[in-house]
1. Neighbour counts of other C-beta atoms within 10 Å: give me 186, 292, 213 arranged from fewest to most.
2. When all alpha-carbon pairs of region 1-85 are counted, what percent fall beyond 17 Å?
3. What does the helix-only formula give at 222 nm for the chain: each DSSP H stretch with n ≥ 4 adding -39500 (n - 2.57), the total divided by the residues, and the result rounded to the nearest 500 deg cm²/dmol?
4. Which of 330, 170 comes first, and how do the rest follow, when ranked by fewest Cβ neighbours within 10 Å?
5. For region 145-186, with only Lys/Arg (+1) and Asp/Glu (-1) charged at the beta-carbon, what is the dipole magnitude about the Cα centre, in debye rounded to 20?
6. If one computes P(r) from the Cα atoms of region 157-263, what percent of pairs lie at distances over 25 Å?
7. Starting from the Kirkwood Rh over alpha-carbon pairs, what translational D in µm² s⁻¹ does the chain have by Stokes-Einstein at 37 °C and 0.692 mPa s?
8. Using the alpha carbons of region 50-150, what is the convex hull volume per residue in cubic angstrom, as a whole number?
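Bear in mind that the values in this text are calculations on the coordinates, not laboratory data. No experiment lies behind these values; they were computed from the predicted model shown. Don't worry about glycine lacking a Cβ; one is built from the backbone with ideal geometry, like all the others, and counts go over all protein chains shown.
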Amino acid sequence: MSHLRLGVFTRLLDETSPRERYRNATEQIVAAERLGYHSAWVAQHHFHALEGGLPAPAVLLASVASLTSRIRLGFGVITLPLEHPLRVAEDLAVLDEISGGRVEVGFGTGGTPSSFRAFGFDPADRRQIYADHIAVVTDAWAGRDIADPENQLYPPAPTLAARRWEATFSAEGAARIGAAGSGLMLSRSQPRPDATPDITIWEQQEPLVDAYLAALPTGVEPRIAASRTVFVADDEPTWRREADRGLRSVAVRGGLWGLDPDADLEVLVERSNSVVGTSEQVAEQLARDTILTRATDLLVQVHSVDPVHELVLRSHELLAREVAPVLGLSTGSTTTELEAAR
């Protein structure tokens, strides 16, 4: 897995105030840069605090950009149908200048139906709106005229299109993403077919990778980011306590497909596609994930375990210091740098 770049991902789900959520996310990204992580990604969610705490990701990442110098800053994802496409193109162009060209842009059609109605859109039209909006963003980044020969995007951002990623659950969507030359974003979890309830996440996603690679234009390098729930702890009592609390809480709320809140912890872990344990246990579990032999990026998040902030920082440290070397994952840091990050 030496080809695999390591990134962190957060949905900002801490059980605390909005201010503390943003402070924690910032601290986690700054720490991830010190540990050698290649990228840091944040998710956008509107209105629903239990789904995610960040409606304006560009604002947070602009702040993070001023505190970091190397780590890539990713959007995973912007719900593009709910955004004005020209404002998205402008905001990301400015952020890319501020950050020194470190922006990675993930787009998706998602969002809850109630969010679409709040923004004046019919959720049934999300795919067409998405197609229309992504065309506007693409044209703006390409420097094409915007409604008038005198209007072009400023600041210009001709390289941002090459850093565009898109998310999907289907092989059809993956083929469309590949044909567009975008990067493919794979989720940490997706609905299991009724006929194969025990299928693994990597078995579900192999057809998506196949379709993406088959549709990719000649000469375009594949970019495949696999998001995974990964929580590493110093000992078994810690990871079992945190996983039991977090996964059972999500199951009670119905936040993951088909998760029984009364099931044994081992069942909750397996059904939620969670990778949890000590460094040795996590390394063994990740080594079984065949998607990671084909992906270019592994994006780790602690959701749906959602431990406290201090344990998130420790998990990221253990992953970089102890798990990554075993698997040959690329962190971009030397041993000396990792020691200094402690």
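1. With the fewest neighbours first, 186, 292, 213 line up as 213, 292, 186.
2. Percentage above 17 Å: 46.
3. -12500 deg cm²/dmol
4. Numbers: 330 18, 170 12.
Lowest to highest Cβ neighbour count: 170, 330.
5. 300 debye
6. 38 percent
7. Working: Rh = 20.5 Å.
For the chosen part, D equals 160 µm²/s.
8. Considering the Cα atoms of region 50-150, their hull volume per residue is 109 Å³.
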